[in-house]
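Computed from the coordinates by the stated procedures, all read-outs in this text should not be read as laboratory data. Predicted, not measured: the structure shown is a model, and the values here were computed from it. Cβ sites come from the backbone with ideal geometry, for glycine too, and all protein chains shown count toward neighbours.
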Amino acid sequence: MRLTRVYLDAALIPGTVVELPSDTASHLAKVLRARSGDDLILFNGDGREFAGAIEALRGSRVTATVGAGRHVDRESPIAVTLVQCVPRGDRMDFIVQKATELGVARIVPVLSQRSVVRLDGKQSESKAAHWRAVAVSACEQCGRNRLPDIAAPRQLINHLGESTAMGLKLVLEPELKAPDTAMILGGAVEIAIGPEGGFSPDELEAFRVSGYSRVTLGPRILRTETAAIAAVTWLQTRFGDMQAS
Ligand code: SAH
């Protein structure tokens, strides 16, 4: 069986002992029935993974020894930023999880004119913290040793005003004739996906003025979460690391 990977927001120094986060510890103890001596992989997002082993389990407290670290790169050669209008319910969790697995470098959650979701400052911060935790779990599961950056949610129009993104900028919009296949990626790409009700005409104009090209994913209207997965998969297949080498 594959070794359990555990993220720690801490320095990992070979030869030392670390205490695992309490939720990870209880999962290891209660669900995986781990025992002392069991091997683990530890990572902290610096691009390395460390051989680890459980030192002791005391109730819900679990400590692990830190062994040798090595660089293991599972990052895409293209830095994909997903600008995602936050959908209703918990579908953003799904999008963050899948986009992380699919190798995005950054997620910018945005609220647009037709967004149903409204967030005040405090809710924005707690949502961002929650989505960062979802991304951590996805990295543990999929083998990434770098966490995607997850911005605090913001108004779409503010993002367009602030964005200094270099590279290609795309906005997904149904019902176009064909994607612009002439584009060349310089290593960074930002792709924006609308909410359930789509982008408004004003917003599409703001995207145009801000230098975004429109692309389509074909004749069927996808739900926003399907569009996110399809768009990132398309980018990774066409320009990134989801292709035979
Ligand atoms: N009700 C809207 C559709 C919204 S779908 C309408 O009829 O226009 C939610 C978002 O997913 C869209 O804003 C768009 O960014 C993306 N999307 C869905 N299907 C798509 C497609 N076939 N091509 C490109 N983008 C699509």
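Worth pointing out:
- Interchain or long-range residues, amide H under 5 Å from residue 170's placed H: 190, 191, 192, 213
- The lysine pair tally for the chain, using Cα distances under 29 Å and a gap of 8 or more places or different chains, is 8.
- Computed from the Cβ-Cβ distance with R0 of 22 Å, the FRET efficiency linking residue 35 to residue 60 stands at 0.90.
- Here the relative contact order of the chain, from alpha carbon pairs under 8 Å that lie six or more residues apart, stands at 19 percent.
- Listed values for the stretch 31-44 are Karplus-derived 3J(HN,Hα) couplings in whole Hz (6.51 cos²θ - 1.76 cosθ + 1.60, θ = phi - 60°), namely 8, 8, 6, 5, 10, 5, x, 5, 7, 9, 10, 10, 8, 10, and x replaces Gly and Pro.
- If R0 is 22 Å, the Cβ-Cβ spacing of residue 74 and residue 17 corresponds to a FRET efficiency of close to 0.25.
- Contact order, relative form, for the stretch 4-71: 39 percent (alpha carbon pairs under 8 Å, 6 or more residues apart, mean separation divided by residue count).
- Within the chain, the proportion of Cα pairs with more than 31 Å between them is 31 percent.
- Going by neighbour counts of Cβ atoms within 10 Å, the residues 200, 126 line up, fewest first, as 126, 200.
- DSSP beta bridges in the chain [antiparallel fraction, %, rounded to 5]: 40
- Of the trypsin sites (Lys or Arg not before Pro) found in the stretch 108-168, those that fall in a DSSP loop while having at most 10 other beta-carbon atoms within 10 Å are 118.
- In this label model, residue 244 and residue 123 are separated by 4.9 nm, measuring between points 7 Å along each Cα→Cβ vector.
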